[in-house]
Amino acid sequence: MVEKKNPGDKTLSVASSKTMPIKRGGVEQGVVRQSFSHGRTKAVVVEKVKRRIAAPGDARPAEPVPAATTTAPARRAPGAGAATAAATAMVATPASAGSQRMSGVVLRTLTDEERNARAHALADSKVREAEERRIAEEEVRRRDDRESREHAEREAAETRKREEEDRRRHEEETKRKAEQEAKKRFGEDETKARPATAAATRAAVAAEAEDEEAPRPRRGAGPVRPAAAPKQPARPTADRRRGRLTVVTALTAGEERERSVAAFRRRVQRLKGHASDEPKEKIVREVTIPESITIQELANRMAERGVDVIKLLMKQGNMAKITDTIDADTAQLVAEELGHAVRRVAESDVEEGLFDAADDPELMLPRPPVVTIMGHVDHGKTSLLDAIRQANVVAGEAGGITQHIGAYQVTAPARGKITFIDTPGHAAFTAMRARGAKVTDLVVLVVAADDGVMPQTVEAIRHAKVAKVPMIVAINKIDKPDAKAERVRTELLQHEVQVESLGGDVLDVEVSATKKLNLERLLDTIGLQSEILDLRADPNRPAEGTVIEAKLDRGRGPVATVLVQRGTLRTGSIVVAGAEWGRVRALISDTGAPIDEAGPSTPVEVLGFGGIPEAGDRLAVVDNEARAREVTAYRARQKREKMATRASGLRGSLEQMMSQLKTTGRKDFPLVIKGDVQGSVEAITGALEKLGTEEVGARLLHAAVGGISESDVTLAASTGAAIIGFNVRAHKEAREMAERVSVEIRYYNVIYDLVDDVKKAMSGLLAPTLRETMLGNAQILEIFMVSKVGKVAGCRVTDGRVERGANVRLIRDNVVIHEGKLSQLKRFKDDAREVTAGQECGMAFENYQDMRAGDVIECYRVEQVQRSL
């Protein structure tokens with residue numbers, strides 16, 4: 001609705017959501033210039049509306065207006081100001097209609113929708129103003145809390161500073177009194193002028209710092225407030241925007257301006273910066289120090305600067321760089337000097353808790369016994385095990401002798417499962433037999449009834465006694481005509497093995513592997529002995545075991561034959577054995593079938609190692625790969641250090657140094673050994689080391705498991721060594737390379753032949769023996785002087801014969817005064833090849849003339865005899 005009073009007036013339109021254009025009469029304009037930092041200014045146009053004074057004839061009764069419409073709020077939202085002003089200006093009541101008519105201005109009546117919209121706008125404006133007021137009060141409260149905390153921190157820092165100064169002042173006073181007392185005691189009259197104390201100096205510095213920290217007056221501002229005010233009173237909400245230029249601030253430009261929020265923040269930051277310059281309290285840390293540590297690592301663990309650590313070492317007379325390694329004692333001195341606590345650890349601590357964890361007796365269950373079959377070579381150990389297993393392992397062994405250690409599991413009809421370990425009987429496999437006796441519960445000593453007790457039988461008895469395991473004697477080959485079981489029992493008495501039939505406690509069984517006699521009785525005896533031992537284990541704990549054999553298989557990689565002793569080994573477990581670790585990819589039983597887990601006393605082949613572990617290494621399951629890497633890295637480092645020490649020839653004792661001097665001129669026979677399994681390589685290495693003497697010995701450049709590769713040929717070519725392959729063959733590339741560089745490769749499958757050939761080759765390096773053969777004697781009758789020849793002895797051969805060019809000795813009064821050779825031998829005036837007994841001849845010596853009548857000449861021949869080991 002639009003109404004017009006006069007044609008020249010502007011249109012007056014009413015809308016609930018739009019501004020109302022009004023006549024701009026009675027408005028004064030002015031320009032205010034605002035100044036900023038760095039010389040910047042800004043001109044602002046300010047309008048001032050004059051209040052109209054009503055004429056006496058226009059007086060009308062005042063209408064009540066709500067307080068919210070007459071009082072301007074402290075703050076408004078930018079978008080709500082226009083709507084609020086319009087709503088405030090145009091709120092009307094029905095009583096105002098008469099006043100509108102009196103003033104001559106006719107306005108339309110507001111509808112209910114417009115009146116409700118304006119009421120809602122007023123309510124929203126009040127809510128926004130209350131929210132802004134609450135936010136402002138919350139920020140003021142937070143600022144006051146922050147300032148109170150900062151004030152408390154400053155007071156605490158000043159308190160600590162005063163306490164430190166009092167302590168130092170007390171120490172200096174005590175020191176001064178002690179010096180005065182000492183001067184009085186020694187009668188010194190003159191006292192030296194002392195410089196100002198450190199406390200006075202610090203007080204002066206603190207005073208200067210306080211002067212500098214005093215706030216400087218700002219240009220155009222009022223009086224400066226003190227910088228260390230503990231707490232500022234809460235400011236009203238309208239003062240938060242004291243830095244902005246508004247109409248109010250422009251009209252009150254002459255009044256005092258307060259500091260802006262940015263200035264306040266800079267002041268707080270400056271105070272915090274000064275507080276950070278104060279000395280911090282020393283933080284004492286517990287430093288873990290290994291056997292050796294670098295200076296950089298030590299500084300990091302102490303949270304100290306590396307420069308400070310190096311300075312401390314230099315004061316101790318140790319010039320070092322930050323990358324140098326120091327021992328644990330020096331590191332402990334440095335850490336304690338810097339005020340830290342020290343905890344010493346050793347590198348071997350990484351193996352703590354890996355083995356021999358205690359089991360709960362309530363969780364332990366019966367387990368199968370582990371039985372090791374031992375005895376002399378060719379006494380029928382493997383044949384007896386084949387008869388029990390109903391297999392034919394002997395047919396697969398070269399030469400019909402066992403050269404590998406095997407583990408099998410047999411199910412007895414009445415006694416359940418029994419685990420058997422078959423060991424070689426040859427003398428070279430002593431270490432294998434020792435390993436078998438170490439992991440076993442029982443030892444079955446196999447003795448041939450027709451052969452009796454032999455050297456390896458005695459060795460097996462010794463291994464069983466060292467391992468402290470019970471023994472069962474199996475007298476084999478009783479089906480032979482010349483079998484004498486009683487002789488075997490009697491011979492065992494000489495080695496302190498007394499069987500039950502002779503009043504002892506050792507069980508014995510007469511068996512025959514070929515006829516399969518008394519095998520059930522042997523199994524019953526083993527089961528009875530295991531029941532007495534009461535063998536138990538916890539199958540639910542992490543697995544532990546022993547590597548019985550290890551090899552490198554083409555297509556499967558490193559394969560280790562493991563006897564699980566405690567716990568259960570499962571696929572996917574992370575295992576550690578010696579210096580190698582890996583994740584179990586597959587488990588193969590003794591029958592060749594894949595299995596998912598292996599319980600206690602179960603032999604199993606483990607696939608998944610990163611390298612070939614050594615036979616005899618203990619196997620354990622760890623939690624994660626990091627622990628496995630840590631343990632194997634430590635063991636590999638120990639192994640390298642041991643090999644380096646052995647190669648360097650450093651010896652500690654006097655006896656070792658003397659033995660080293662004796663072997664200085666020793667000739668070496670270099671060899672590269674490659675075998676099929678770790679146990680065979682170990683046996684070959686031990687057998688070849690026993691062949692050595694003081695003059696010649698086998699020097700093993702490399703001994704490992706696997707086929708002969710190009711790197712082996714390269715090593716042999718550079719050192720002039722021969723390559724020996726035991727049950728392995730050379731790769732095609734290695735074989736062609738060996739032919740090009742003339743490196744000899746020999747293959748063996750029986751350890752007897754290998755040892756014999758190496759012994760013959762080493763015998764060729766021995767120096768031959770010189771043997772003297774006596775030819776005859778002659779006596780000097782007269783000495784003749786011959787021109788161009790010198791002295792010639794006229795002699796008569798008394799016995800034997802004298803040959804030209806033979807070795808002679810000149811004996812005078814039974815004392816040898818010269819050894820040499822005959823240069824001339826004459827019979828009458830002719831040269832003679834030899835002169836026999838009873839004949840006279842003339843002799844001349846090489847480079848010797850002092851001969852006399854009556855001397856005896858002894859003639860002999862030197863022969864070289866080849867030696868052998």
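The values are calculated or read from the model by the stated rules, or taken from the named source; none is laboratory data. Just so it is clear, the model here is predicted, and its values are computed rather than measured. Quick reminder, even Gly has a Cβ in these numbers, built from the backbone with ideal geometry, and neighbours come from all protein chains shown. Only protein heavy atoms, including side chains, enter the accessible area calculation; ligands, DNA and RNA are left aside. Shrake-Rupley method; radii C 1.70, N 1.55, O 1.52, S 1.80 Å.
Observations on the model:
- Using a probe radius of 1.4 angstrom, the carbon and sulfur fraction of the accessible surface of region 448-520 is 50%.
- Of the trypsin sites (Lys or Arg not before Pro) in region 295-381, those whose Cβ has at most 14 other Cβ within 10 Å and which sit in DSSP loop: R305, K321
- Accessible carbon and sulfur surface of region 674-767 relative to its total accessible area, %, 1.4 Å: 47 percent
- Note that region 547-654 shows a convex hull volume over its alpha carbon atoms of 124 Å³ per residue.
- Ranked by solvent-accessible area (1.4 Å probe, protein heavy atoms only, all chains present), the residues V862, V802, V466 order from largest to smallest as V466, V862, V802.
- Potential extension, V345-K465 segment - 0.36 nm per residue separation minus Cα distance: 39.4 nm
- Put R809, R33 in order of accessible area, highest first, and with a 1.4 Å probe you get R33, R809.
- For chymotrypsin sites (Phe, Trp or Tyr not before Pro), the sites in region 791-869 that DSSP calls loop and that have at most 15 other Cβ atoms within 10 Å are F828.
- Taking a ≥ b ≥ c as the square roots of the eigenvalues of the alpha-carbon gyration tensor, region 518-580 is classed oblate because a/c is 1.5 or more while a/b is no larger than b/c.
- Computed accessible area, I135, all protein chains, 1.4 angstrom probe, square angstrom: 80 Å²
- Two-site FRET efficiency, V815 against A767, from Cβ-Cβ distance with R₀ of 41 Å, rounded to 0.05: 0.85
- With the whole protein complex present, C841 retains an accessible surface near 10 Å², based on a 1.4 Å probe.
- Cα-projected label distance for E739 with Q839, points at 7 Å along beta-carbon direction, nm: 6.1 nm
- Per principal axis, descending, Cα span of region 765-851 in whole Å: 48, 27, 25
- Site pair K42 and S823 shows an inter-label distance of 12.8 nm when each label is modelled 7 Å from Cα along Cα→Cβ.
- FRET efficiency for D505 and D359, using Cβ-Cβ distance with R0 set to 22 Å, rounded to 0.05: 0.15
- Annotation for region 776-869: GluC sites (Glu not before Pro) lying in DSSP loop with at most 12 further Cβ atoms inside 10 Å of their Cβ are E846.
- Backbone amide hydrogens, once placed in the peptide plane, bring V44 within less than 5 Å of V32, R33, Q34, excluding anything fewer than 5 places away on its chain.
- Under the simplified labelling scheme, the R637-R33 pair shows an inter-label distance of 7.8 nm, with each label point 7 Å from Cα along Cα→Cβ.
- Note on K826: aspartates and glutamates with a C-alpha under 18 Å away, same-chain residues under 8 apart excluded, are E782, D799, E803, E834, E840, E846, E858.
- A 1.4 Å probe over all protein chains sorts H340, H463, H495 by accessible area into H495, H463, H340, starting with the largest.
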